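Engineer: Take this structure first; my questions come after.
The values are calculated or read from the model by the stated rules, or taken from the named source; none is laboratory data. Since we're looking at a predicted model, the values are computed, not measured. Ideal geometry is used to build each Cβ from the backbone, glycine not excepted, and the neighbour counts take in all protein chains shown. Ligands, DNA and RNA are stripped out before the accessible areas are found, and what is left, the full protein with its side chains, is counted by its heavy atoms. Shrake-Rupley method; radii C 1.70, N 1.55, O 1.52, S 1.80 Å.
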Amino acid sequence: MIIRTARLSNAEAMSRILTDIIAVTQRQRPHDQDFVRDTYINNPHGILCSVAEDANGEVLGFQSLIRAAEGNKYGVSAGWGIIGTHVSPRAARRGVGKALFSATKLAAENANLQNIDATISADNTNGLAYYDAIGFQSYRTGDNTICKRFSVF
């Protein structure tokens, strides 16, 4: 598996992953290529957006890390990191998320982030378990969400 920085040319594959996740979870969310480019690849607050590829160059998943701005939609303290992880259902349980987090954690350290927030739907048991497994701890709840924090330093 190769972990590298996402490119604009990855927007289609990343959008397809979001579409596949929606098909499995039935959770509606934006997922078109413009959304992927604006939210993940070209986010003005972006620190790193990585993709995981297999040996054939197929994108298996991606993870974004942005710096929380004042008044962000998650209510995360300005200056914290905000993480988002999306793994293709076809690549589940293959270590994609853990491999992506290795790159994200290093980027968070280099950006001098103290904390990273993961805001997860309360009914997303796989997402909650993933963040627990990589060291995130619950610190608050919202409307149908559980917010987990990773202390970088």
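Engineer: Please name which of ASN72, ALA92, ALA103 has its Cα lying farthest along the dipole of the range 41-120 towards the positive end, using unit charges on Cβ (Lys, Arg +1; Asp, Glu -1) and the Cα centre as origin.
Structural biologist: ALA92
Engineer: Rolling a 1.4 angstrom probe over the protein chains, ignoring ligands and nucleic acids, what is the accessible area of GLU53 in square angstrom, nearest 10?
Structural biologist: 20
Engineer: Rank by packing, highest mean first: peptides 26-35, 71-80, 5-14, with packing defined as the count of other Cβ atoms within 10 Å averaged across residues.
Structural biologist: Top of the packing list down: 5-14, 71-80, 26-35.
Engineer: Okay, next question. With a length cut of 20 Å (Cα positions projected on each helix's long axis) and a Kyte-Doolittle mean of at least 0.0, go through the chain and give me the DSSP H helices that pass.
Structural biologist: 11-25, 96-110
Engineer: Here's another thing I want to ask about it. The list [x] 9.4; [y] 8.3; [z] 13.4 gives values of mean projected area of the Cα convex hull in nm², and only one came from this structure; which label was calculated from it?
Structural biologist: Recomputing mean projected area of the Cα convex hull in nm² here gives the entry labelled [y].
Engineer: First select every other residue whose beta carbon is under 11 angstrom from the beta carbon of HIS31; then total the charges, Lys and Arg +1, Asp and Glu -1.
Structural biologist: So the surrounding residues net to 0.
Engineer: In debye, nearest 20: dipole of the chain around its Cα centre with unit charges on the Cβ of K, R (+) and D, E (-)? All intermediate terms of the calculation are to be shown ahead of the outcome.
Structural biologist: Numbers: 16 positive and 14 negative charges, 55 e Å.
Computed about the Cα centre, the dipole is about 260 debye.
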